[in-house]
Amino acid sequence: MNGDGSLEWLRREGRIVVVGASLAGLRAAETLREKGFAGSLTLIGDEPHAPYDRPPLSKQVLLGMTTADRTALPRRRDVDATWRLGVPATGLDMAARRVRLADGDEVPYDRLLIATGVRARPWPHEREAELDGVFVLRTRDDCAALARRLAEGPKRVFVIGAGFTGSEIASACRERGLPVTVAERGASPLVGALGGVVGAVAADLQQEHGVDLRCGVMVTALEGDATGRVRAAHLSDGATVETDVVVVSLGATRNTEWLAGSGLGAGPRGIACDAGCRAFDIRGIVTDDIYVAGDVARSPHPLFGYQFLSLEHWGNAVCQAEIAAHNMLSASADRLPHMWVPAFWSSQFGVNIKSVGVPSMGTEIVVSQGSLDSHRFVGVYGYQGRVIGAVSFDHARWLPFYQELIETTAPFPPPFHMVDRRPDGHRPLDADFPDPSVPTHGPTVTLSGYSPADRRMRFTPAR
Amino acid sequence: MTQSLLHQILDYANRADPYPLYEELRKTPVHHDEGGPYVIGTYYEIRSLLHDPRISSDASNLASTAGDPLAESSQGDSALPPSFLRLDPPEHDRLRRMTNRPFGPPHSPHRVDGMRPELHEIVTGLIDGIGDTDRIDLVEAVSYPFPVTVICRLLGVPREDEARFHSWADTIAASLDPDPDADPAERGKVAHDARMQLGMYLAGLIEERRKNPGDDMLSELATAKGPDGAMTTMELLSTAALLLIAGHETTVNLVTNGMLTLLRHPDVLRRLRAEPRLAVPLVEELLRYEPPVQLVPQRTTLADIEVHGVTIPKGASLWLVLASGNRDPKRFENPDRFDPDRRDNQHLGLGSGIHSCFGAPLARLEAQTALAELARRLENPRLLEDPPPYRQNAVLRGPRHLPIACDGIRP
Ligand SMILES: Cc1cc2nc3c(=O)[nH]c(=O)nc-3n(C[C@H](O)[C@H](O)[C@H](O)COP(=O)(O)OP(=O)(O)OC[C@H]3O[C@@H](n4cnc5c(N)ncnc54)[C@H](O)[C@@H]3O)c2cc1C
């Protein structure tokens with residue numbers, strides 16, 4: 001069977017399996033049903049919980065405004081699926097089209113969607129990582145455990161890594177009046193994602209809110225007491241900080257190990273796929289029945305020179321899942337590309353931070369509206385004479401404009417007058433990103449190389 | 001000579017149904033008559049201009065006001081300094097932020113929601129007082145007094161003073177209207193006087209609130225000590241005047257347009273009676289279909305900007321016709337259909353960008369409450385005049401009276 005006939009059959013009685021039952025998995029399942037998929041749908045997830053939302057875990061939940069178990073994702077529609085929760089997938093047989101589960105079961109599929117996301121990178125010294133009081137924050141269970149400990153009123157919270165998650169945790173702790181120390185290997189918080197110019201503002205914010213911020217240092221060891229509780233952190237500058245809670249926020253590792261040996265193009269940087277979310281096998285050949293979406297995917301983007309991007313962005317997971325679901329059920333001519341313009345938000349120290357495009361690709365920055373001093377501004381990132389990204393601190397409503405500049409490869413720096421553009425906002429500065437060979441904590445965008453198909457194409461935004 | 005499209009839109013004769021004119025307008029992405037403003041009526045262009053930092057709300061950036069039918073009403077010679085509606089960042093942001101502290105999240109997340117029972121009680125009282133059901137002017141009976149009472153309570157304005165500032169608010173709102181027949185100088189003077197008197201009244205009230213603060217918004221604004229410091233008295237006056245007038249002149253039309261639309265769509269009215277929760281999407285659709293603010297005439301360009309191949313020069317007057325964008329078939333399927341089940345209803349009825357309607361959460365709740373209650377309690381309601389008589393205003397468009405009848409009032 002091929003062509004339309006087989007698609008008809010797939011829609012009617014095919015078997016679709018989704019591995020990873022979280023944001024991308026759920027949205028894909030809903031989209032499949034919405035598009036009329038009537039066959040059998042199985043969602044496999046290693047967490048015991050029904051799909052829930054992660055952004056509140058480092059914000060509202062740590063603030064005590066809600067609890068970790070009340071972050072279930074709202075359902076857009078009934079998905080009528082078989083849920084296999086609490087069971088990890090352990091292997092994939094591409095030839096036989098079967099997913100192997102930890103409990104020994106095998107689930108056959110006609111189309112597979114992989115949405116296994118990422119997991120928190122643990123503290124590398126295993127014994128220290130196991131000390132009581134040492135946490136990571138990725139899952140609902142991580143969050144519930146940390147929130148419980150924070151509610152007990154620890155003497156000090158020590159956060160390792162000042163990326164978005166680490167900074168949000170520090171912010172929540174300060175808002176609750178807990179003493180916080182943040183240790184960051186880079187020169188400032190958020191430096192990997194937004195560069196040093198904006199990082200300096202983030203550092204200011206932290207210090208103004210009473211965070212004991214230590215940049216340019218590494219944590220060399222965590223020390224426990226006789227009962228196995230963490231009691232201090234040792235730093236590369238010789239300092240020791242006494243603490244009873246440590247949160248390790250060192251970014252994420254992609255959940256691809258279960259695919260080792262399957263022949264799929266999956267590795268530590270994620271699973272490579274084409275712009276239509278179809279996974280590549282290890283030979284660089286695109287599969288027709290395996291799709292990828294969300295944090296675990298890396299896909300080429302025409303706006304960014306067809307670089308493969310891995311985005312740890314909520315909006316990306318939703319959009320990519322919808323595209324993948326659509327393409328699974330479509331003939332080749334009807335497939336859609338995933339050309340979502342990266343966008344990310346965070347909230348910390350009372351500031352709403354949003355970005356569009358890929359700031360970390362930028363080499364220069366201008367503050368096009370507002371001012372760094374006031375902590376309210378838009379920073380525009382330039383790369384080879386064009387606008388490549390923008391970030392706003394408490395200025396989010398302007399971002400659609402900058403998104404349009406990115407989509408139309410507008411020149412950098414933007415040459416025109418704007419409301420609230422200060423005289424010094426006309427001068428581009430070095431965006432001051434760290435040397436890429438020095439590892440930083442969790443960048444939320446990973447540039448993972450060019451595809452062989454690097455050629456120019458005009459990008460016309462969807463409308 | 002045929003009238004220009006813009007004059008037709010402003011012409012009172014077309015007030016009851018401007019939508020065919022908007023359809024005409026959308027055929028030209030940038031509509032411009034010699035000397036007049038640049039008028040935009042298509043959805044995507046309006047939305048992107050509302051987020052465009054090259055567009056200013058500050059009238060002092062206008063190159064010239066010649067030929068602009070609204071120029072006389074600009075606040076240049078006003079008794080009060082411009083409110084944040086007519087300012088750009090950073091001043092706009094600072095004032096709006098300070099105003100928001102006692103009104104909405106994060107500092108006052110429960111202010112609007114906490115008014116739910118009160119809103120309900122006010123509407124109930126008004127409906128109870130309707131009396132003779134053979135001829136009800138819904139504007140007089142419900143849609144005017146309701147938001148006025150609400151804004152008074154919110155701000156802490158004594159209800160008994162309402163009549164006084166009603167006439168000031170009316171005059172000021174009317175000055176926003178480009179009535180081609182009125183003498184501009186005379187109109188400007190009347191508006192100026194009204195602003196002056198409203199300002200003096202509010203100044204007295206603020207003084208009193210500083211001494212005896214209550215838990216109303218005016219007290220909180222007058223005594224606020226947030227990170228932005230306190231507003232100056234003049235800032236406070238224009239902010240209070242803005243809230244008062246906006247609270248007067250927009251929700252009235254939202255509720256009236258809402259009831260008119262429901263009476264023209266009896267099936268929807270019946271549904272609303274059976275499921276009051278329909279009020280939520282219904283009000284969204286109403287904001288798309290019959291928005292109380294039809295157009296935003298107070299923008300200007302800070303640079304030459306290109307829209308659809310047309311260059312709008314720096315300093316030009318720019319009009320964004322929200323109500324036209326809301327019916328753009330490129331954005332909304334069957335745009336002329338009133339469909340409370342519409343999905344992805346990202347209308348422009350409350351604006352967008354930094355000036356998007358400050359009072360939106362309150363306006364929504366007010367309209368939802370009023371319409372659901374009216375639908376539930378009026379027995380067999382019907383329109384007595386269709387179209388009803390409209391107000392003069394083309395910017396804040398709505399019926400002046402809405403004569404209806406019904407068989408009785410349900411308890
Ligand atoms: C604390 C926190 C705060 C965040 N805040 C923001 C924010 O403010 N803004 C923003 O844009 N983004 C934010 N994010 C990122 C956002 O949550 C992610 O981009 C999004 O969750 C990605 O969804 P996903 O479905 O691709 O992956 P995930 O949500 O990671 O889901 C993957 C699921 O697959 C499961 N899984 C993994 N391996 C297997 C296997 N072998 N078998 C079965 N199941 C498996 C995982 O356990 C997980 O449940 C935040 C993330 C965290 C953790």
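The values are calculated or read from the model by the stated rules, or taken from the named source; none is laboratory data. Because the structure is predicted, anything quoted here is derived from the model rather than measured. Cβ sites come from the backbone with ideal geometry, for glycine too, and all protein chains shown count toward neighbours. The protein model used for the area step is the full one, side chains on, heavy atoms only, and it has no ligands, DNA or RNA in it. Shrake-Rupley method; radii C 1.70, N 1.55, O 1.52, S 1.80 Å.
Would you say residue B:404 is touching a residue at least 12 places away in the same chain (Cβ under 8 Å) and not in a helix (DSSP H, G or I)?
Yes; evaluated as a whole, the condition is true for this residue.
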*For segment A:320-351, which residues satisfy the criterion of being more than 14 Å from every other protein chain (Cβ to nearest Cβ), more than 21 Å from residue A:405 (Cα to Cα), surrounded by fewer than 22 Cβ atoms within 10 Å (Cβ to Cβ) and among the hydrophobic types (A, V, I, L, M, F, W, C)?*
A:329, A:331, A:333, A:336
*Any residue in segment B:281-298 that is away from chain A (no Cβ under 14 Å), surrounded by fewer than 16 Cβ atoms within 10 Å (Cβ to Cβ) and touching a helix residue (DSSP H, G or I) at 6+ places or on another chain (Cβ under 8 Å)?*
no
*Tell me which of these residue A:354 doesn't satisfy, since it passes every other one: (1) within 12 Å of another protein chain (Cβ to nearest Cβ); (2) closer than 16 Å to residue B:93 by Cβ.*
(1)
*Number of the exception - residue A:312 against (1) within 14 Å of the ligand (Cβ to nearest atom); (2) surrounded by fewer than 23 Cβ atoms within 10 Å (Cβ to Cβ); (3) among the acidic types (Asp, Glu)*: (2)
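Considering only residues that are touching a residue at least 12 places away in the same chain (Cβ under 8 Å) and under 21 Å from the mean Cα position of the chain (by Cα), look in segment A:56-68 and name the one that is farthest from the ligand (Cβ to nearest atom).
Filtering segment A:56-68 for residues that are touching a residue at least 12 places away in the same chain (Cβ under 8 Å) and under 21 Å from the mean Cα position of the chain (by Cα), the one farthest from the ligand (Cβ to nearest atom) comes out as A:68.
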*Could you please find all residues in segment B:34-55 being open to solvent by 30 Å² or more (accessible area, probe 1.4 Å), over 22 Å from the mean Cα position of the chain (by Cα) and of a type in the set (Gly, Ala, Ser)?*
B:35
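Taking residue A:54, is it open to solvent by 50 Å² or more (accessible area, probe 1.4 Å) and touching a helix residue (DSSP H, G or I) at 6+ places or on another chain (Cβ under 6 Å)?
So residue A:54 does not fit the description; no.
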*Boolean, residue A:421 is over 26 Å from the mean Cα position of the chain (by Cα), open to solvent by less than 60 Å² (accessible area, probe 1.4 Å), within 10 Å of residue A:367 (Cβ to Cβ) and not hydroxyl-bearing (Ser, Thr, Tyr)*: yes
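Filter segment A:1-55 for residues that are of a type in the set (S, T, N, Q) and within 16 Å of the ligand (Cβ to nearest atom); which is nearest to residue A:92 (Cα to Cα)?
A:42
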*Check every one of the helices (runs of 4 or more DSSP H) wholly within segment A:84-191 and list those with 1 or more residues that are within 10 Å of the ligand (Cβ to nearest atom), closer than 23 Å to residue A:19 by Cα and more than 14 Å from every other protein chain (Cβ to nearest Cβ).*
A:140-151
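Quick one: in segment A:401-414, of everything that is part of a loop (DSSP other than H, G, I, E, B), away from chain B (no Cβ under 12 Å) and surrounded by fewer than 22 Cβ atoms within 10 Å (Cβ to Cβ), which residue is modelled with the highest pLDDT?
A:413
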_Out of B:353, B:315, B:349, sole residue that is in contact (Cβ under 8 Å) with a residue 40 or more places away in the chain and under 15 Å from the mean Cα position of the chain (by Cα)_ = B:349
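Suppose the filter is modelled with pLDDT under 95, touching a helix residue (DSSP H, G or I) at 6+ places or on another chain (Cβ under 8 Å) and aliphatic (A, V, I, L, M); does residue B:321 pass it?
no
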*Within segment B:372-401, work out how many residues are over 21 Å from residue B:16 (Cα atoms) and not in a loop (DSSP other than H, G, I, E, B).*
8
*How many residues does segment A:177-189 hold that are under 23 Å from residue A:312 (Cβ atoms) and touching a residue at least 60 places away in the same chain (Cβ under 8 Å)?*
4
*Complete set of residues in segment B:1-33 that are without any contact (Cβ under 8 Å) to a residue 24 or more places away in the chain and open to solvent by 30 Å² or more (accessible area, probe 1.4 Å)*: B:1, B:2, B:3, B:8, B:13, B:14, B:20, B:24, B:27, B:28
*asked:* Can you list residue pairs whose Cβ atoms sit under 6 Å apart, with the first residue in segment A:416-432 being acidic (Asp, Glu) and the second being not in a loop (DSSP other than H, G, I, E, B)? Count only pairs 6 or more apart in sequence or on different chains.
replied: A:420/A:369; A:420/A:370; A:432/A:195; A:432/A:196; A:432/A:197
*Considering each residue of segment A:324-352, count those that are farther than 18 Å from residue A:312 by Cβ, within 16 Å of the ligand (Cβ to nearest atom) and not aromatic (Phe, Trp, Tyr), and give that number.*
4
*May I ask you to list the residues in segment B:336-389 that are within 14 Å of another protein chain (Cβ to nearest Cβ) and acidic (Asp, Glu)?*
B:344
*So which residues in segment A:376-400 are open to solvent by 20 Å² or more (accessible area, probe 1.4 Å), touching a strand residue (DSSP E or B) at 6+ places or on another chain (Cβ under 7 Å) and either assigned to a loop (DSSP other than H, G, I, E, B) or of a type in the set (A, V, I, L, M, F, W, C) (or both), if there are any at all?*
A:385, A:394, A:396
*asked:* With the requirement that a residue be surrounded by fewer than 16 Cβ atoms within 10 Å (Cβ to Cβ) and not in a helix (DSSP H, G or I), what does segment B:109-128 give you?
replied: B:109, B:110
*Take the residues of segment A:263-289 that are within 16 Å of the ligand (Cβ to nearest atom) and open to solvent by 40 Å² or more (accessible area, probe 1.4 Å): which is farthest from residue A:102 (Cα to Cα)?*
A:269
*asked:* Would you confirm whether or not segment B:88-96 contains a residue that is out of contact with any Pro (no Cβ under 8 Å at 6 or more places or on another chain), more than 12 Å from every other protein chain (Cβ to nearest Cβ) and among the acidic types (Asp, Glu)?
replied: no
*Would you pick out the residues in segment A:226-262 that are of a type in the set (Lys, Arg) and either within 14 Å of another protein chain (Cβ to nearest Cβ) or away from the ligand (no atom under 16 Å from the Cβ) (or both)?*
A:229, A:231
*Determine if segment A:241-262 includes at least one residue that is at pLDDT 95 or above, of a type in the set (Asp, Glu) and surrounded by fewer than 16 Cβ atoms within 10 Å (Cβ to Cβ).*
yes
